[in-house]
Amino acid sequence: MKMENMLRYQQIDGQIKSIISRLNGSDECIRGKKLGQFLKESEEKLKKMNKRAEELNASVARLKNVYAQSVKDFDEMEKGVEAAIDREELNYLTKKLSETTKSLGAIEKELNAAVREMEDITKRYDELRGKVPTAQSQYKDCRGKFEKMKKDCEPEVSRLRSQLQALEKEIPPEIMEKYQKLRGQKIYPVIVPLAGGNKCGGCQMEVSIGAKGKLDEKGFVVCENCQRLIYKPE
């Protein structure tokens, strides 16, 4: 089978691929993707910080209540010490006072840690929120420029795709199916010449004797290593 139509198809397909690669490799596209990722990550971070802030607020409220109750208990025990009528009761109250004092100290440390974390979250939250509007504006600008570039390329891409559709009618379905399968795997070029008399023009692996026989018979053969379509140049 002659490969002129298939090679022409691949050439046009390559032109479309080149246009798409140029678009995807543009500063507008690359920067737009980075900004989009930043905005997505920022949204997730802000949500996490909000959730943590809510947890800290609840924790601080609880600790304040516990602290207030502990102070109240402490005051009552102090009065109890003053009014103690025997040594056993005095020792018991003194021990409870010591335990409450330690508890109050622990609560104070926990409260201070929660407040510091809250202050840190507030600072990071404000800094991130300050960056988001600028990033949103830049993202919108990049997307606008990219969409314009894409729109400018559409007539050429449409013209090339029309040529591909016309060529498909001249290409055996089994060859077209093999081609599209490999292109779906991001392999390009799909069709390569036999190189050096016995090597795949794609992966450079030697073609077996059996495969060479099929190549002479059918005009093409599937590479046993990379699965490309090998043809024998005239």
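The values are calculated or read from the model by the stated rules, or taken from the named source; none is laboratory data. Small disclaimer: the values here were computed from a predicted structure and weren't measured. Please note: Cβ atoms are built from the backbone with ideal geometry, for glycine as well, and neighbour counts cover all protein chains shown. These area figures cover heavy atoms from the full protein model, side chains too; ligands, DNA and RNA do not enter into them. Shrake-Rupley method; radii C 1.70, N 1.55, O 1.52, S 1.80 Å.
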* When the residues of the stretch 84-113 are filtered to those that are open to solvent by 40 Å² or more (accessible area, probe 1.4 Å), under 17 Å from Q69 (Cβ atoms) and of a type in the set (G, A, S), which remaining residue is modelled with the lowest pLDDT? -> S103
* Identity of the residue in the stretch 146-180, touching a helix residue (DSSP H, G or I) at 6+ places or on another chain (Cβ under 8 Å) and among the acidic types (D, E), that ends up most open to solvent (accessible area, probe 1.4 Å) -> E170
* When both residues are 6+ apart or on different chains and their Cβ atoms are under 8 Å apart, which pairs have a first residue that lies in the stretch 68-83 and is over 13 Å from L104 (Cβ atoms), and a second that is small (G, A, S) and open to solvent by 60 Å² or more (accessible area, probe 1.4 Å)? -> none
* Exactly one of (1) open to solvent by 70 Å² or more (accessible area, probe 1.4 Å); (2) under 51 Å from the mean Cα position of the chain (by Cα); (3) of a type in the set (F, W, Y) is unmet by Y67. Its number? -> (1)
* For the subset of the stretch 181-220 comprising residues that are assigned to a strand (DSSP E or B) and modelled with pLDDT of 90 or more, which member is most open to solvent (accessible area, probe 1.4 Å)? -> E206
* Asked: Being out of contact with any Lys or Arg (no Cβ under 8 Å at 6 or more places or on another chain) and assigned to a loop (DSSP other than H, G, I, E, B), is that true of even one residue in the stretch 109-130?
  -> no
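Okay, residues lined up against (1) more than 30 Å from C153 (Cβ to Cβ); (2) open to solvent by less than 70 Å² (accessible area, probe 1.4 Å); (3) part of a helix (DSSP H, G or I):
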site: Q15; (1), (2), (3): no, no, yes
site: S18; (1), (2), (3): no, yes, yes
site: R22; (1), (2), (3): no, no, yes
site: K40; (1), (2), (3): no, no, yes
site: K48; (1), (2), (3): yes, no, yes
site: A53; (1), (2), (3): yes, yes, yes
site: A58; (1), (2), (3): yes, yes, yes
site: L63; (1), (2), (3): yes, yes, yes
site: V71; (1), (2), (3): yes, yes, yes
* Considering every residue within the stretch 116-126, establish whether at least one is exposed (fewer than 12 other Cβ atoms within 10 Å of the Cβ), within 30 Å of D27 (Cα to Cα), of a type in the set (D, E, K, R) and under 36 Å from the mean Cα position of the chain (by Cα). => yes
* Asked: Between residues in the stretch 120-142 that are over 25 Å from L56 (Cα atoms) and at pLDDT below 95 and residues that are open to solvent by 70 Å² or more (accessible area, probe 1.4 Å) and in a helix (DSSP H, G or I), which pairs lie under 8 Å by C-beta distance while being six or more apart or on different chains?
  -> none
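Working carefully through the options P172, P155, find the one that is within 30 Å of Q10 (Cα to Cα), in contact (Cβ under 8 Å) with a residue 12 or more places away in the chain and out of contact with any Leu (no Cβ under 9 Å at 6 or more places or on another chain). If you could, list the steps in order and put the result at the bottom.
Values: P155 fails: in contact (Cβ under 8 Å) with a residue 12 or more places away in the chain.
Residue meeting the stated conditions: P172.
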